[in-house]
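First up is the structure itself, then whatever we jot down about it.
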Amino acid sequence: MPHPSVPRPLPTELLEMILVQAWLEIPVSDTRARWRFFQTGSLVDSRWRDVVHRVARKHVIVCLHSKSDLRGYRAIARRLLDSKSASARTGAERTTTDSILHDTHLRASIFRNSSIFIHFPHADTLSLQADKLASNPKAMDYLCEFNAIVPDCMRLSITMLDGFSLESDPTMSALKFAARLPSLTDLDFASPFHVSHIPQLGTPPPISPQTQLPNVRYLRLASYPACTCIKSQTACTTHGHGQCSAELFVASFSGVEHLHIGNPYHLKNILCPPTLHTLTLEIPRARTNRQCSMLGYKLIEALTRGWLCGPTSDTPPRRIVVLSPEEPLGWGPAKAACEERGITLSRSP
């Protein structure tokens, strides 16, 4: 009687693709499900364990103030550190200082090419957890502890259920954390910036040097931070004079080459560094039986000011990519105006 055929194991590359998809589909806020998936996959066999650890290392997912995430990534880092230290051991004794520096260097090398996804839950959720945490939990305290475990990455995505605000502690903590990552090149603010309804008087505080990120090359904003100074009931003295925090926001990323904006914003109100050469604009889906529109960006008006004035001899060619399933309202005049100024305007579905 023939023996039943034994199913062949999946190729490692295919197994990793499947596990990455499953890992990323777990809700960021569901830390229990995340680490249950991790533990279950690690128990299948040694190959699965290695792949699951590699997936978690390449795609670091953290929910603010989650102790489970800290424990999980501390264990992952320790396992990799022990493996690297064993292979690099020469028998020579190191001082305590040398060991700390060696450990820090290895941690950075482990996560240097990784992506980090940080989730900031609602403020009221944090207050409900306060009895389980230190009193008055601060975002930066947690991020500093996490940064000691994962000191570097290439890509960082941040979501905040309360929305970003240039004046809020969580937003500034996120920027300070990003500034601690030496290899960071891609930064994604995946939540809308909070629109304040309170008039702002006086000059907004500029983004501090500690939160400027010159190494970022790709910057995505789900929505551009709202300018509150032009909403002030008094005469605006900051907007358009290089002192508005919203206007200067992109300029804080002095090396950015690609800016991606997910919601219409007046482009003329954005000051960009000379390194920028690509601008991606998302067009919101139109209502039923209506044509989607790019008029909210006021692209033609922006062509007479700042970055959109056109390329110079010492800068790379400028291009604007519009993400839209169909040709949006305002496309024809915008394309003609861009061509006149040497800017390439294209559309991608």
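The values are calculated or read from the model by the stated rules, or taken from the named source; none is laboratory data. Model, not experiment: these values are computed from the prediction. We place every Cβ from the backbone using ideal geometry, glycine too, and count neighbours over all the protein chains shown. To get the accessible areas, we keep the full protein, side chains included, count just its heavy atoms, and leave off ligands, DNA and RNA. Shrake-Rupley method; radii C 1.70, N 1.55, O 1.52, S 1.80 Å.
Some notes on this structure:
- Sub-8 Å Cβ pairs linking a first residue in the stretch 41-66 that is charged (D, E, K, R) to a second residue that is open to solvent by 70 Å² or more (accessible area, probe 1.4 Å), at least 6 apart or interchain, are Arg47/Pro9; Arg49/Leu43; Lys58/Asn113, ordered by first then second residue.
- Near pairs, Cβ below 6 angstrom, 6+ apart or cross-chain, from the stretch 312-339 (under 18 Å from Leu259 (Cβ atoms) and among the hydroxyl-bearing types (Ser, Thr, Tyr)) to any residue that is crowded, with 20+ Cβ neighbours inside 10 Å and modelled with pLDDT of 90 or more: Ser324/Ile283
- Highlighted here are the strands (runs of 3 or more DSSP E) found entirely within the stretch 246-349 that include at least 2 residues which are open to solvent by 70 Å² or more (accessible area, probe 1.4 Å): 344-348.
- Among the residues making up the stretch 38-81, a single one is under 20 Å from Pro170 (Cβ atoms), charged (D, E, K, R) and surrounded by fewer than 20 Cβ atoms within 10 Å (Cβ to Cβ): Lys67.
For (1) modelled with pLDDT under 70; (2) not aromatic (Phe, Trp, Tyr), each residue gets a yes or a no:
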residue	(1), (2)
Arg94	yes, yes
Arg107	no, yes
Leu143	no, yes
Phe146	no, no
Asp162	no, yes
Leu181	no, yes
Thr185	no, yes
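- The set of residues in the stretch 147-158 being outside any loop (DSSP other than H, G, I, E, B) and surrounded by fewer than 21 Cβ atoms within 10 Å (Cβ to Cβ) consists of Asn147, Ala148, Ile149, Arg155, Ser157.
- Search result, residues across the stretch 14-46 that are over 26 Å from the mean Cα position of the chain (by Cα) and within 16 Å of Arg57 (Cα to Cα): Leu15, Gln39, Gly41, Ser42
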